[in-house]
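Just so it is clear, none of the values below were taken in a lab; they were calculated from the coordinates. Since this is a predicted model, take the numbers as computed values, not measurements. FYI the Cβ positions are ideal-geometry reconstructions off the backbone, even for glycines, and counts take in every protein chain you see.
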Amino acid sequence: MQNPQRVAAALKQSVGQVIIGKHDTVELALIALLCRGHVLIEDVPGVGKTTLASALARSLDCSFKRIQFTPDITPSDITGFSIVNFKTGDLEYRPGLLISQVVLADEINRTSPKTQSSLLEAMEEGQVTVDGTTYRMPQPFIVLATQNPVEFVGTYPLPEAQLDRFFMRISVGYPTPEEEAEILERYSGGNRPMQEVRPICGARDIVELQSQVDSVYTSREVRSYIAAIASASRRHAALQLGVSTRGAIFLTHAAQSRALLDGRDYVIPEDVQRMAEPVLAHRLILSPEARMRNQTPERVLQSVLGAVPVPVKVK
């Protein structure tokens, strides 16, 4: 049986060859992978969003496809299409770019809403339906999508239904001066650190770790705590839309994965609190009054967490 802590450390070291000093961000992406979830990497240009996704994909011995989203890409490019075999007269399925274990959806907000929606079935149900026939996605399956939140010309903002399909939203952020100096050194002299990244574990290892996450114990008190957080968000005056039931389920899974990586077989409230922002913040819609007061979903979420009593008994 794979040791989760050892695998996580090896993956962080592998990705760390090209992404310097972002161990927490890499760990969040790994948590999403272990929970069979998908990740939206949202940040300004040039901080390593695509590099992070590519390095993680290279560290996994899994099939990998990169989709560069543009306004002219069509749903059939994503899901695939059927074509007539003139020798047999039968319809044959030609897989689209989405049929892979690790998918990098680069600049996902630069394609039309119709094309964006072609990802929904695969992200939610792990399958695509083409011409009435359903095709299962290979396992494990994860979509790593990137988008730039500060550029709006030629973009199509992701609708709430699409955002809710993402297990978590993370950002890379600017490096510290010391980390940036190390990055400059690694990329000097024509070096290409990405070419040094090698697979650490394979598809079977990831599927095994996913099953270990499922076995992490979550007490009735912790489940009630998560439900109370979701309920409180729906009643908060600063929020037009609170946490969905899907979001509460995802938060439970994230807390289980967090506990597993910490070497525990049970969830504690601190796991829930640590995972709340990356899993829940992008699901919250601020009220017009809150936006006028320059509130942020993250700040409102902290206020929700502060108002919900923390359970004492967790085992």
Practice task
Could you line up Ile41, Ile20 from fewest to most neighbouring Cβ atoms inside 10 Å?
Solution key: Ile20, Ile41
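How big is the C-alpha Rg of the range 4-202 next to the rule-of-thumb value 2.2 N^0.38 Å, as a ratio?
Numbers: Rg = 17.9 Å, N = 199, 2.2 N^0.38 = 16.4 Å.
This ratio for the range 4-202 stands at 1.09.
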Handout entry: Lys/Arg +1, Asp/Glu -1 at C-beta; the range 1-118 dipole; positive extreme among Thr50, Leu11, Val103
Key = Leu11
Exercise for the section: Tabulate in residue order the Karplus-calculated ³J(HN,Hα) for the range 37-49, using 6.51 cos²θ - 1.76 cosθ + 1.60 with θ = phi - 60°, rounded to whole Hz; enter x for Gly and Pro. Expected result: x, 10, 10, 9, 9, 10, 6, 5, x, x, 9, x, 4
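Fewest to most neighbouring Cβ within 10 Å: what's the order for Ser54, Ser257, Ser244? Walk me through the intermediate numbers first.
On the way: Ser54 22, Ser257 30, Ser244 18.
Exposure proxy ranking, most exposed first: Ser244, Ser54, Ser257.
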Exercise for the section: Answer with one residue from Ala254, Tyr93, Ile67: the one whose Cα lies farthest towards the positive end of the charge dipole of the chain, charges on Cβ with Lys, Arg +1 and Asp, Glu -1. Expected result: Ala254
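Sort 94-103, 137-146 by the packing proxy (mean of other Cβ within 10 Å over each peptide's residues), most packed first. Walk me through the numbers on the way to the answer.
Numbers: 94-103: 20.1, 137-146: 22.1.
The peptides rank, most packed first, as 137-146, 94-103.
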Exercise for the section: Grab every C-alpha pair in the range 215-307, bin the distances at 5 angstrom width from 0 up to the longest one, and report whole percents. Expected result: 3, 15, 27, 22, 15, 10, 5, 3, 1
Problem - About the Cα centre, charge dipole magnitude for the range 237-315 (Lys/Arg +1, Asp/Glu -1 at Cβ), debye - result: 120
Exercise for the section: Send over the semi-axes of the range 150-223's equivalent ellipsoid, whole angstrom and largest first, taken as the square roots of 5 times the C-alpha gyration tensor eigenvalues. Expected result: 33, 25, 16
Practice task
Report ³J(HN,Hα) in whole Hz for each residue of the range 214-228, in order, from the Karplus equation J = 6.51 cos²θ - 1.76 cosθ + 1.60 where θ = phi - 60°; Gly and Pro get x.
Solution key: 4, 8, 5, 6, 10, 6, 4, 5, 5, 4, 5, 4, 5, 5, 5
Completion exercise
Residue-ordered couplings for the range 236-244, obtained by feeding phi - 60° into the Karplus form 6.51 cos²θ - 1.76 cosθ + 1.60 and rounding to whole Hz (Gly and Pro as x), are 5, 5, 7, 10, 7, 9, x, 6, 7
Fill in the blank from the handout: Surrounding charge for Val279, neighbours by C-beta under 13 angstrom, Lys/Arg +1, Asp/Glu -1, total +2
Exercise for the section: Taking just the C-alpha trace of the range 178-263, give me its Rg and Dmax in Å. Expected result: 20.4, 57
Exercise for the section: Grab the chain and count how many Lys pairs have their alpha-carbon atoms under 18 Å apart, sequence gap of 8 or more, or different chains. Expected result: 4
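For the range 54-110, what Kirkwood radius comes out of the mean inverse Cα-Cα distance, in Å? List each step's numbers first, then the result.
Details: mean 1/r = 0.0773 Å⁻¹.
So the Kirkwood estimate lands at 12.9 Å.
Using the number of other C-beta atoms within 10 angstrom as an exposure proxy, rank Asp262, Asp90 with the fewest first. Spell out each step's value before the answer.
Numbers: Asp262 13, Asp90 9.
So the ranking, lowest neighbour count to highest, is Asp90, Asp262.
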